[in-house]
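Reviewing the structure listed below.
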Amino acid sequence: MFSSKRPLLLSRRFAPLFAVQFLIAFNGNFAKTAMLFLVAFSLPAAGEGVEVEPSLFSALAAGVFVAPFLMFSAMAGKLADGRDKARLIRSLKLYETVVMAIAATALLAGSVFAMLAALFLIGCQSAFLGPIKYAIIPQHVASDEVLSATGLVEAGTFVAILLGQIFGGIAPASAVAISLVAISLVGLVASFAIPAAPPLGEPAAERRAMVPFAQTWRIVASAKTNRRLWHAILAISWFWAIGALATSQLVVMVEAELFASPAVATAFLAIFSVGISAGSLIASKLLDAEISGRLAPPAAVGMSLGLFLLLAGTAIAGPQAGTRGIVDFLFSPTGVLAFVGLSLMAVCGGVFVVPLYAILQTAGAPDTRSRDIAANNILNAVAMVGAAGTAAALTSLKVKVSEIFLLLAVANLIVAGTAFAMRSRAGAQSPV
């Protein structure tokens with residue numbers, strides 16, 4: 001473990017990892033957004049036939065990106081616990097340069113199926129990186145810096161996602177293609193500055209550990225034996241379910257119930273990402289290096305309150321002669337309520353999840369840390385797929401987005417109440 005009084009973002013023990021993770025998150029979302037916009041706007045505008053409808057492509061893109069987390073997370077956790085994590089990151093960065101070259105070629109060719117293949121390969125990199133990026137933190141920072149480092153990684157990730165979505169939506173395909181490869185190479189160079197992070201134990205080698213799905217149930221079952229770890233995983237998965245449902249439905253709400261322009265939808269997504277980033281940093285300040293889940297219940301209540309304010313804005317919105325632009329919308333009573341509500345929900349979301357990630361990194365044994373994080377990633381993927389499926393089912397039943405959000409807000413209050421009860425029974429040992 002490294003120890004230094006130099007700020008984390010200026011130290012070699014953390015800065016290269018932060019930079020690599022930031023660039024990976026940016027590049028993945030940059031590629032995915034550029035593909036979505038190309039299929040939705042550029043190819044039809046150019047009179048070129050597309051193999052699938054834009055709405056179907058969006059659903060397929062989400063599916064092929066998440067699938068590797070279900071397929072390979074267990075394998076990734078096993079691999080990360082038995083290898084030097086810094087060397088694995090460098091290997092993944094080499095892999096990324098090849099994958100981004102494939103993605104660039106797909107964009108330039110305008111091939112939908114090649115884009116989907118590239119997204120699957122990008123998802124594979126994310127699945128293998130997931131257990132590493134959090135498991136490596138306790139090896140490189142002091143114990144009283146784990147929470148701060150985790151908050152910085154979370155904040156940086158959401159900012160990177162936001163920037164990737166913004167630039168992916170406005171940059172031409174040719175510029176995206178060149179940038180994807182260039183950014184990958186910059187990240188590869190940065191990865192060589194990450195200090196060594198050798199395995200902390202000697203996990204037994206198992207042939208089936210390198211087979212997709214083979215270790216999935218075993219790793220999840222192992223995490224379940226540690227009550228504090230398991231509760232943190234469940235709470236994190238709930239957070240990702242909320243996030244997946246909210247971000248997928250916000251655009252629909254803006255158009256159908258808030259009667260606002262696409263620019264407002266983009267602003268909402270930006271508010272969501274920036275708010276979670278801010279909440280991630282606030283959490284580390286409020287807890288002052290203490291790794292505790294005591295902020296999770298009140299933060300969950302704050303998330304529901306934010307949803308209720310957003311819904312209040314929806315309730316007083318009325319059809320306009322034309323869709324409202326971003327300036328008119330934000331200065332209307334509806335816009336103020338929606339802006340404050342979404343901001344509160346996002347900030348409280350950051351406060352909710354960051355301490356739980358710190359618990360995830362420290363509650364289990366050091367030599368199985370990557371596998372614990374892999375179990376979390378598996379449950380997160382299941383939660384996001386479940387949230388998407390639930391939203392699709394409710395939509396097919398003609399349930400409005402505002403009604404879906406109302407159900408979500410009430411369910412979240414139930415989760416908060418359960419967490420309060422758990423803390424009352426289990427005391428400070430309960431993570432939620």
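The values are calculated or read from the model by the stated rules, or taken from the named source; none is laboratory data. Everything quoted here is computed from the prediction, not taken from an experiment. Every residue, glycine as well, gets a Cβ built from its backbone with ideal geometry; the counts of neighbours run over all protein chains shown. Each accessible area value is taken on the protein alone, full model and side chains, heavy atoms only, with ligands, DNA and RNA left out. Shrake-Rupley method; radii C 1.70, N 1.55, O 1.52, S 1.80 Å.
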Residue check for I316: open to solvent by 20 Å² or more (accessible area, probe 1.4 Å), of a type in the set (V, I, T) and over 21 Å from the mean Cα position of the chain (by Cα):
yes
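Can you say whether V176 is of a type in the set (A, V, I, L, M), open to solvent by less than 20 Å² (accessible area, probe 1.4 Å) and within 15 Å of L107 (Cα to Cα), as far as the supplied structure shows? Even if it seems obvious, please write down each step before you answer.
Working: of a type in the set (A, V, I, L, M): yes; open to solvent by less than 20 Å² (accessible area, probe 1.4 Å): yes; within 15 Å of L107 (Cα to Cα): yes.
Criteria met by V176.
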In region 1-57, which residues are assigned to a helix (DSSP H, G or I), of a type in the set (A, V, I, L, M) and at pLDDT below 60?
A45
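On the basis of being in contact (Cβ under 8 Å) with a residue 40 or more places away in the chain and farther than 30 Å from A67 by Cβ, does V351 make the cut?
On the way: in contact (Cβ under 8 Å) with a residue 40 or more places away in the chain: yes; farther than 30 Å from A67 by Cβ: yes.
The answer is yes for V351.
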Search region 262-287 for residues being among the polar types (S, T, N, Q) and within 18 Å of the chain's Cα centre (by Cα), and hand back the single one that is farthest from V252 (Cα to Cα).
S280
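Considering only region 384-413, state which residues are of a type in the set (G, A, S) and either modelled with pLDDT of 90 or more or crowded, with 22+ Cβ neighbours inside 10 Å (or both).
Residues of region 384-413 of a type in the set (G, A, S): 386-389, 391-393, 396, 402, 409, 411.
Within region 384-413, A387, A409, A411 qualify.
Listed here are the residues, each with its yes/no results for (1) touching a Gly at 6+ places or on another chain (Cβ under 6 Å); (2) open to solvent by less than 60 Å² (accessible area, probe 1.4 Å); (3) among the aromatic types (F, W, Y); (4) modelled with pLDDT of 90 or more.
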{"residue": "K133", "(1), (2), (3), (4)": "no, yes, no, no"}
{"residue": "S143", "(1), (2), (3), (4)": "no, no, no, no"}
{"residue": "G156", "(1), (2), (3), (4)": "no, yes, no, yes"}
{"residue": "L162", "(1), (2), (3), (4)": "no, yes, no, no"}
{"residue": "A171", "(1), (2), (3), (4)": "no, yes, no, no"}
{"residue": "L188", "(1), (2), (3), (4)": "no, yes, no, yes"}
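Condition check ((1) crowded, with 22+ Cβ neighbours inside 10 Å; (2) in contact (Cβ under 8 Å) with a residue 60 or more places away in the chain; (3) farther than 12 Å from L342 by Cα; (4) out of contact with any helix residue (DSSP H, G or I) (no Cβ under 8 Å at 6 or more places or on another chain)) across all residues:
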site	(1), (2), (3), (4)
V264	yes, yes, yes, no
F272	yes, yes, no, no
S277	yes, yes, yes, no
L281	no, yes, yes, no
L286	no, yes, yes, no
A300	yes, yes, yes, no
Restricting attention to region 90-123, the residues that are without any contact (Cβ under 8 Å) to a residue 60 or more places away in the chain, closer than 22 Å to N377 by Cα and open to solvent by 40 Å² or more (accessible area, probe 1.4 Å) number exactly 5
